[in-house]
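Novice: Would you mind keeping the following structure in view while I ask a few things?
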Protein chains: 2
Amino acid sequence: MDGEKISRRKPRSDGQRNRQHLLDTAKAAFQSGETDIPLDEVARRAGVGIGTLYRHFANRDALIEAVYRNELDRLAAAATQLAGTHPPVEALRAWMLLFVDYIAAKQVIAPALNGLVGGTCALYAASAEIIKGTIDGLVSRAVKNGDIRPDLDPLDFLRALVGVSNVAAAPGWEASARRLVDILIAGSQPPTASQSRT
Amino acid sequence: MDGEKISRRKPRSDGQRNRQHLLDTAKAAFQSGETDIPLDEVARRAGVGIGTLYRHFANRDALIEAVYRNELDRLAAAATQLAGTHPPVEALRAWMLLFVDYIAAKQVIAPALNGLVGGTCALYAASAEIIKGTIDGLVSRAVKNGDIRPDLDPLDFLRALVGVSNVAAAPGWEASARRLVDILIAGSQPPTASQSRT
DNA sequence: TAGATATGCGGAGGATTACTCCGCTTAACA
DNA sequence: TGTTAAGCGGAGTAATCCTCCGCATATCTA
């Protein structure tokens, strides 16, 4: 059923180059706040025709997704690296802070994550499992180590981070985001010495 | 400079009625997920012409804002009431949970709050101060009572709630939101018996 | 009640944007 | 170097936002 078209030829070099130009142009535009830039304009800035844009990306959403996919994958890769070099709860904390830094540098991620955790729209569906698996691995390792209460859904952390990233435009947001990371970790510790609610 | 036009006549009854019809129609559409419904369609469903819609609401954003304004104001009113009947930290907690319930019932609020805390777009600016004042009052009362660390920005809580509300579409989001409220409160307590992070 | 008039209604239509289609160009292969 | 198909470009179509202006009617005055 899954008719995979096997191409005998190597993909054309100019095609790949144009595709990359389009991605770079769109990413730059989104980062600078031009989120609803006309696609004609994206094509023009990338130095290609509008037809070429639509050849590579079926519609606006497909282009946006392609831009965000790459960023999310890099974030997931960082988590794997952190998990190998830090104790569990530190890895979790470090990744969440990295998350914040990442958003600080490139505010492109927020909508992607929103769609990711929301899960309703088919957009970003491909990366969803990767990121979910990432946070799941970090949290479950911290739980096994006794640093985090076991009754928490790892997705809770992701949801909180998504929230932070969604308000990235506010002036003092970055400090706020760092505080929230610590609050989340502090509030998720098992009730050893302190008294938890109820 | 602020040339306020003083109208001698009472506003026409049909005008007010049509405006309300438009608001109700738009609200219903947004709640049912038709967020990018054409405005022509909104006007049609409301039984008025497109010109009438634009007479009452300058553009799409103005219509959306008008829909959300009312919801936010009601939320702020609830906080005032809670503050008068509950001890500080309980009032904060109750309001945050009410927030969650409110979103559960009507998922209309999320984008409004996003714009509110983000602050960049002029949208929702009018309600921003109201909600900010609301959370500020709740948190500062809890701080004075010694339930919450004093080094937290009240907006942090708002930002976290906005995050929760932005992912309201996911299946298990409601339980997650409640857990997050408790995590936030637990993580915000002053370090009395337990040891806080650095 | 009837006339005057400003407030409000309605929808045609201009401008903008998303997306399609198809003939031409050019990189990959023999 | 010739063949071939992958890829390019932009004119054109459809959908949507928003404006404009003549017509209708609710409110006010007498």
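The values are calculated or read from the model by the stated rules, or taken from the named source; none is laboratory data. Just so it is clear, the model here is predicted, and its values are computed rather than measured. Note: ideal-geometry Cβ built from the backbone for every residue, glycine included; neighbour counts use all protein chains shown.
Novice: Return a yes/no flag: does region A:62-74 have any residue that is farther than 30 Å from A:Leu92 by Cα, within 15 Å of DNA strand C (Cβ to nearest atom) and more than 14 Å from chain B (Cβ to nearest Cβ).
Specialist: So far as region A:62-74 goes, yes, one or more of its residues are farther than 30 Å from A:Leu92 by Cα, within 15 Å of DNA strand C (Cβ to nearest atom) and more than 14 Å from chain B (Cβ to nearest Cβ).
Novice: Let me ask something else. Hey, among A:Arg159, A:Arg197, which residue is of a type outside the set (Gly, Ala, Ser) and either at pLDDT 75 or above or surrounded by 20 or more Cβ atoms within 10 Å (Cβ to Cβ) (or both)?
Specialist: A:Arg159
Novice: Can you name the residue in region B:162-186 that is of a type in the set (Gly, Ala, Ser) and not in a helix (DSSP H, G or I) and, of all such residues, is modelled with the lowest pLDDT?
Specialist: Going through the qualifying residues, I end up with B:Ala168.
Novice: Given the criteria modelled with pLDDT of 80 or more and either surrounded by 19 or more Cβ atoms within 10 Å (Cβ to Cβ) or within 13 Å of chain A (Cβ to nearest Cβ) (or both), does B:Gln189 qualify?
Specialist: For B:Gln189, the condition - modelled with pLDDT of 80 or more and either surrounded by 19 or more Cβ atoms within 10 Å (Cβ to Cβ) or within 13 Å of chain A (Cβ to nearest Cβ) (or both) - is met.
Novice: Right, another one. What about A:Asp24, is it modelled with pLDDT under 90, away from chain B (no Cβ under 14 Å) and away from DNA strand C (no atom under 16 Å from the Cβ)?
Specialist: Considered against the rule, which asks whether it is modelled with pLDDT under 90, away from chain B (no Cβ under 14 Å) and away from DNA strand C (no atom under 16 Å from the Cβ), A:Asp24 comes out as no.
Novice: Would you mind telling me which numbered condition in (1) part of a helix (DSSP H, G or I); (2) within 14 Å of DNA strand D (Cβ to nearest atom); (3) aliphatic (A, V, I, L, M) A:Ala28 fails?
Specialist: Failing condition for A:Ala28: (2).
Residue by residue, here is whether (1) within 21 Å of A:Arg141 (Cα to Cα); (2) assigned by TED's automatic domain parsing to the domain that holds A:Lys144 holds:
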residue: A:Gly47; (1), (2): no, no
residue: A:Ile64; (1), (2): no, yes
residue: A:Asn70; (1), (2): no, yes
residue: A:Asp73; (1), (2): yes, yes
residue: A:Ala76; (1), (2): yes, yes
residue: A:Leu82; (1), (2): yes, yes
residue: A:Pro87; (1), (2): yes, yes
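Novice: Just to be sure before I move on: is B:Arg19 at pLDDT 85 or above, outside the structural domain of B:Ala142 (by TED's automatic domain parsing) and part of a helix (DSSP H, G or I) in the structure I sent?
Specialist: So B:Arg19 passes the test.
Novice: Any chance you could count how many residues in region B:39-91 are more than 9 Å from DNA strand D (Cβ to nearest atom) and not in a helix (DSSP H, G or I)?
Specialist: So the answer is 4.
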